[in-house]
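Undergrad: Okay, handing you the structure first.
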Amino acid sequence: MTTDGRKPQPEVQDAVAAATAQAVVGEHDTLKYHLLGPSLTKAGQDSVDQQKISEIIYNASKGSKYFNNEEYKDKNLTQKIEKILAKKRQLERMDLASDLRRADECIAELELSRDLSQTVIHIDCDAFYAAVEELDRPELKHVPMAVGKGVLTTCNYHARKFGCRSGMAGFVAMKLCPNLICLPLNFEKYTAKAQEVREILADYDPRFESSSIDEAYLNITEYCGEKGMNPEEAVTQIRNEVYEKTHITISAGIAANAKIAKIASNRNKPNGQFRVANDRATILAFMRDLPTRKVNGIGRVFERELDAIGVKTCGDIYSQRAYLSKLFGEKAFQFLMQCHLGLGRTKVQPAEEYERKSVGTESTFHDMSDKTELREKLRWIAEELEKDLTRTQFKGRTLVLKIKLHTYEVLTRQTVPPKAVGTADDLYTYSLPMMAKLEKEIPRMKLRLMGLRCTHLVSTKKTGIDFFGMRRLSSADGDASLSRTKVDEDGEWEVWPEEEFEAAARQERQDEMNELERLSQEHQSQDDVSALDPLTQEEELEEANRRHKHGREILPNPTPKKQSTSNARELGPSVGFQKPATGYVPPPKEEKLWMCPICARPQSASDKDFNDHIDFCLSRQTIKEAVRDTSPSPPALERPTSDGGGKENGHHYSHGNKRGRPPSKRKGEPVMSERGSKKLFFGVQGS
Ligand code: TTP
Ligand code: MG
């Protein structure tokens with residue numbers, strides 16, 4: 001890699017990450033950079049010599065199966081990058097004028113969607129698990145301490161100065177900091193503390209969005225307007241209130257959209273806040289110098305691919321705009337252009353309102369090859385999945401079996417049963433043939449992980465209130481065309497590819513954590529176990545299984561205590577767009593419903609929704625006739641035209657819309673109501 005004369009990073013932290021990348025990669029030793037792990041960009045490591053850390057990790061893991069596997073993956077990535085570069089060289093010889101024009105048109109179109117009217121904040125608790133542990137043991141505040149034994153889930157800021165961080169094998173961390181105190185995980189405590197924080201957040205934005213156990217997005221536009229506060233003041237107040245009531249510190253980012261707010265919350269960590277002002281020039285300047293890896297959605301692999309074509313910062317994206325869609329695909333092009341422009345969503349909504357794509361469960365265990373044992377394990381997983389499906393109220397049209405061999409190779413197989421499945425019996429019955437086939441394909445198959453997942457979900461909710469499409473569709477229907485697509489208040493389409501990239505980066509991190517478990521377990525079986533109070537292999541498996549489960553749990557929003565009707569963003573039905581299956585979907589609450597006097601169907605007890613619904617009913621000629629005829633039974637409804645254009649539900653769709661695409665014009669897309677719900681004309685959902 002060569003230096004390209006770009007400006008030095010303004011932030012020390014960014015400069016460290018960028019210099020590390022440059023130095024380590026500059027030695028052509030991509031593996032060493034890779035081994036730095038998923039949390040290289042974590043706050044609190046400004047003074048850490050990452051090159052030294054990479055040597056220590058390299059030497060500590062060399063010779064292990066983990067190391068060999070990482071080396072293999074790194075070589076694969078290097079080969080992939082070589083292909084990307086070859087393709088780029090080929091493209092450089094071609095006339096890309098039309099690609100350039102198209103890119104510029106896309107930029108102009110994206111620019112039109114820029115919304116600078118909102119204030120979105122991202123809050124993130126500092127060293128969360130460690131902070132909670134320190135409340136019970138205050139003496140640990142002053143010494144390096146980490147949580148998690150096999151693999152660190154986090155560590156306090158003292159430990160970070162030594163290079164310790166989440167996603168690092170415990171024994172490696174002990175090499176960096178021999179006095180490190182590693183505590184076992186206690187998820188109940190963290191969940192309880194997270195809920196205390198959430199209760200406070202609900203007062204500032206009742207529709208805040210939890211994105212993980214210790215992170216949330218809030219839209220504080222209304223709060224600031226109502227209280228006459230500027231965003232900085234409001235955020236200082238939130239942080240103070242959280243500290244006073246929960247005794248833990250949080251950091252916050254303030255910006256025009258969720259993407260920038262998330263980046264900004266890491267700027268002044270711990271216990272700080274950072275604002276990127278809502279003006280275009282400031283936003284573009286902020287993005288220009290930002291290393292790509294700082295963006296949520298650009299993980300280690302994508303970072304390296306981009307680096308290879310000379311894109312180190314979001315500013316560098318622009319000069320490569322003509323190549324991006326040909327090299328990485330259309331979605332990546334869109335996503336990268338949004339990163340370059342500093343665009344992101346301003347809509348924030350409770351996590352439980354995101355629709356699920358899949359529900360799954362998996363279990364890690366000691367190497368297992370006995371056929372009876374494997375069947376017992378499969379049965380057990382089917383029962384666990386049944387519980388999750390019951391809780392989330394779904395069945396799956398597709399069933400996926402995942403296995404991890406003792407060699408750590410991961411294989412998946414999927415089947416489409418004749419009916420949607422949800423019971424343990426069905427899940428077992430339809431997954432067993434997949435496993436039997438794998439046993440035939442792989443002689444002496446030995447597993448260390450098994451998982452089942454349902455996709456193409458069908459809701460099992462027994463509610464008829466989706467009638468007329470007035471309420472949001474409560475299940476993901478598995479239609480890929482819905483992914484990343486939402487409909488805004490005006491019935492206009494918005495496409496935010498960031499969802500997909502964020503999910504992929506999250507998965508990459510999760511996979512890396514799993515790989516590190518392997519390193520830790522390998523080390524565990526060696527004689528020179530040096531960690532204090534090491535876990536037994538059983539405990540380590542238990543820790544891994546619980547961590548996987550816990551990482552996915554997001555609790556529903558608490559009811560705001562001091563909510564005044566005017567400052568609360570309306571708690572109405574959500575638009576439906578899909579989020580990866582990370583969000584906990586709570587059982588439905590008992591809802592108050594009002595009966596529609598025209599169609600006699602239950603409707604949301606919200607003035608706006610109810611009135612909208614009545615307008616809708618009245619606007620139907622058939623209903624008017626039915627009303628005139630005083631027919632006792634609900635009137636028959638005509639089906640609307642399937643192109644979804646024209647007047648629908650009393651509103652005109654704008655064809656000069658934000659992303660230039662009228663609803664339901666694309667082939668194969670379902671007819672959508674203006675809230676993004678699939679129209680269900682006779683109140684029957686799913687199969
Ligand atoms: P983070 O917010 O990523 O980290 P943190 O709060 O510990 O530190 P920071 O000050 O940088 O925000 O994650 C929140 C908690 O989630 C963390 O305390 C432990 C847990 N966690 C994992 O279990 N695995 C992981 O890989 C990471 C990053 C976090
Ligand atoms: Mg945190």
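The values are calculated or read from the model by the stated rules, or taken from the named source; none is laboratory data. Predicted, not measured: the structure shown is a model, and the values here were computed from it. All Cβ positions, glycine included, derive from the backbone under ideal geometry; neighbour counts span all protein chains shown. Side chains are part of the model used for accessible areas, which takes the heavy atoms of the whole protein and leaves out ligands, DNA and RNA. Shrake-Rupley method; radii C 1.70, N 1.55, O 1.52, S 1.80 Å.
Undergrad: Order of 228-235, 40-47, 352-359 by packing, highest average Cβ count within 10 Å first?
TA: Ranking the peptides 228-235, 40-47, 352-359 by packing returns 352-359, 40-47, 228-235.
Undergrad: In nm, what is the difference between 0.36 nm times the number of residues separating TYR58 and GLU441 and their Cα-Cα distance?
TA: Computed gain between TYR58 and GLU441 is 134.4 nm.
Undergrad: Per residue, how much accessible surface does the stretch 31-75 expose to a 1.4 Å probe? Answer in Å², no decimals.
TA: 43
Undergrad: Quick check: with the 1.4 Å probe, what order do MET595, MET287, MET94 take by accessible area, largest first?
TA: The ordering from most to least exposed comes out as MET595, MET94, MET287.
Undergrad: Further question on the same structure: To the nearest 10 Å², what's VAL416's accessible area with a 1.4 Å probe?
TA: Probe radius 1.4 Å; accessible area of VAL416 about 100 Å².
Undergrad: Of all accessible surface on the stretch 305-362 at a 1.4 Å probe, what whole percent is carbon and sulfur?
TA: 44
Undergrad: Roughly to the nearest percent, how much of the accessible area of the stretch 99-225 is carbon and sulfur, given a 1.4 Å probe?
TA: 55
Undergrad: Gain in length, SER369 to GLU383, computed as 0.36 nm per residue apart minus the alpha-carbon separation, to one decimal in nm?
TA: That works out to 3.0 nm of additional length.
Undergrad: Could you rank the peptides 64-77, 260-273 by their average count of other C-beta atoms within 10 Å per residue, with the highest value first?
TA: 260-273, 64-77
Undergrad: From the Cα gyration tensor of the stretch 93-236, with a ≥ b ≥ c the square roots of its eigenvalues, which class applies: rounded if a/c is under 1.5, or else prolate if a/b is larger than b/c, or else oblate?
TA: Cα axes put the stretch 93-236 in the oblate bin.
Undergrad: Sticking with this structure for a sec: I need the calculated FRET efficiency for the pair LEU96 and ASP136, taking r as the beta carbon distance and R₀ as 60 Å, to the nearest 0.05.
TA: So the FRET efficiency works out to roughly 0.50.
Undergrad: If you don't mind, another one. What's the extension gain from MET595 to THR191 if we count 0.36 nm per residue and subtract their Cα-Cα distance?
TA: 141.6 nm
Undergrad: If you take the beta carbon distance between ASP115 and MET229 as r and set R0 to 25 Å, what does 1/(1 + (r/R0)^6) give as a FRET efficiency, to the nearest 0.05?
TA: So, using R0 = 25 Å, E works out to roughly 0.75.
Undergrad: Could you check the spin-label model distance between LEU618 and ALA86? Points 7 Å from the Cα along Cα→Cβ, value in nm.
TA: Between LEU618 and ALA86, the label points sit 6.8 nm apart.
Undergrad: Compute the signed sum of charges (Lys and Arg +1, Asp and Glu -1) over the other residues within less than 15 Å, Cβ to Cβ, of LYS141.
TA: -2
Undergrad: Continuing with the same structure: For the stretch 238-363, list log₁₀ I(q)/I(0) at each q in 0.10, 0.16, 0.21, 0.23 Å⁻¹, using the Debye formula over Cα point scatterers of equal strength and ignoring solvent, two decimals each.
TA: Each listed q corresponds, in turn, to -0.41, -0.91, -1.18, -1.27.
Undergrad: Structure shown: which of LYS80/LYS326; LYS193/LYS461; LYS149/LYS357 lie over 21 Å apart, alpha-carbon to alpha-carbon?
TA: LYS193/LYS461; LYS149/LYS357
Undergrad: If you don't mind, another one. Hey, how much of the P(r) for the stretch 156-209 falls beyond 12 Å, as a percent of Cα pairs?
TA: Summing the P(r) tail past 12 Å for the stretch 156-209 gives 73 percent.
Undergrad: Report the FRET efficiency, 1/(1 + (r/R0)^6), for GLU244 and GLU409, where r is their Cβ-Cβ distance and R0 is 35 Å, rounded to 0.05.
TA: The calculated FRET efficiency here is 0.10.
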